[in-house]
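The values are calculated or read from the model by the stated rules, or taken from the named source; none is laboratory data. Bear in mind that the values here come from a model prediction, so they are computed numbers and not experimental data. Here Cβ is always computed from backbone atoms with ideal geometry, including for glycine, and neighbour counts include all displayed protein chains.
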């Protein structure tokens with residue numbers, strides 16, 4: 001097991017973090033904590049890899065929202081399943097992306113941010129801060 005973790009651990013963590021941050025289900029937290037407990041890698045490396053994967057997954061959701069806005073402009077949103085997320089981003093602005101780490105509502109917030117054309121660099125910064133913060137707290141407990 002240790003050999004597997006040392007050989008594939010970081011790639012597995014990145015892929016798991018990426019997938020769990022898109023609209024697909026997943027959970028990178030278990031792998032992050034396993035790698036941290038086994039001391040396979042330094043905590044800083046684990047934090048960087050998990051945050052990068054999770055943030056890029058969030059930006060994938062942002063891109064989905066950007067693409068959806070081309071087909072379905074936000075003005076014609078009535079009754080759509082992302083309406084609630086778009087309304088949150090409209091109401092609270094781009095800082096709501098700091099909550100993109102939350103289960104269930106985080107992915108729709110990223111989609112809504114893309115839909116509303118939130119600046120992608122600003123969106124990436126806020127998403128990375130939120131998602132990285134969650135990993136810092138998890139690593140702190142270990």
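Comparison of 56, 24, 46, 98 shows that the only residue that is modelled with pLDDT of 90 or more and over 22 Å from residue 122 (Cβ atoms) is 46.
Every residue, every condition in (1) under 30 Å from residue 36 (Cβ atoms); (2) assigned to a helix (DSSP H, G or I); (3) in contact with a strand residue (DSSP E or B) (Cβ under 9 Å, 6 or more places away or on another chain), yes or no:
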{"residue": "90", "(1), (2), (3)": "no, yes, no"}
{"residue": "104", "(1), (2), (3)": "yes, no, no"}
{"residue": "107", "(1), (2), (3)": "yes, yes, no"}
{"residue": "114", "(1), (2), (3)": "no, yes, no"}
{"residue": "126", "(1), (2), (3)": "yes, yes, no"}
{"residue": "129", "(1), (2), (3)": "yes, yes, no"}
{"residue": "132", "(1), (2), (3)": "yes, yes, no"}
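Filtered by the rule that a residue be within 13 Å of residue 142 (Cα to Cα) and surrounded by 16 or more Cβ atoms within 10 Å (Cβ to Cβ), region 35-49 gives 35, 36, 43, 46, 47.
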